[in-house]
Each structure stands twice: as C-alpha cells, then as structure tokens.
1. Could you figure out which of (1) away from the ligand (no atom under 16 Å from the Cβ); (2) assigned to a loop (DSSP other than H, G, I, E, B) isn't true of LEU30?
2. Could you list, in sequence order, the residues of segment 1-26 that are among the small types (Gly, Ala, Ser), at pLDDT below 85 and closer than 26 Å to GLU52 by Cβ?
3. Out of the residues in segment 42-63 meeting the condition of being exposed (fewer than 10 other Cβ atoms within 10 Å of the Cβ) and not charged (D, E, K, R), tell me which one is nearest to the ligand (Cβ to nearest atom).
Amino acid sequence: MKETSKNFNSYDEIECPHCNEELGIEGDDLADLITYWGENGSIEWKCNGCDEEFVIKEEVSRSWKVAKTDEDLD
Ligand SMILES: [Zn+2]
C-alpha cells in the first residue's frame, strides 16, 4: 500500500526546468497528461511559479503482480 502511494506521487509531481519548482498536477490537468502508453507526445505547459513555458512528455511503465489469491498480493 505504501509503495502504491509513493508511485502515484512521483508521477503527479513534475519539476519546472526553468525554476526547479515542484509542480503538483491534479484533477483535469492530470487527466490531460495521462494516456495508456504515453501516445500523446509532448504537451506544452506553463509553470505557475515562474510563468515560463516548457513541455511535458509522459512516459508510461506498467507492471502486473500475480498471486494465487487476493490475500497473497499484499
Ligand atoms: Zn518555473
């Protein structure tokens, strides 16, 4: 459970390449960025810290965990 939330945090926060501000992305903004396999290419973004523009390219990795029962997954 801990690992899941850590993974989530690492992809809903990006660092502005201009001012190095950590930008939290949430809600509709996050929905704009997330695809199945990163097929959207790069998306233009504006930093709400320094107002500079930059591009975000989504990189997707997905993994599966297999067990005999639900209990064994934890
Ligand atoms: Zn910035």
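1. The single condition LEU30 does not satisfy is (2).
2. Filtering segment 1-26 for residues among the small types (Gly, Ala, Ser) gives 5, 10, 24.
Okay, now just the ones that are also at pLDDT below 85, so 5, 10.
Scanning segment 1-26 gives a single hit, SER10.
3. Result: SER61.
The values are calculated or read from the model by the stated rules, or taken from the named source; none is laboratory data. Since the model is a prediction, treat every value here as computed from it, not as a measurement. Every residue, glycine among them, receives a Cβ derived from its backbone with ideal geometry; neighbour counts consider all protein chains shown.
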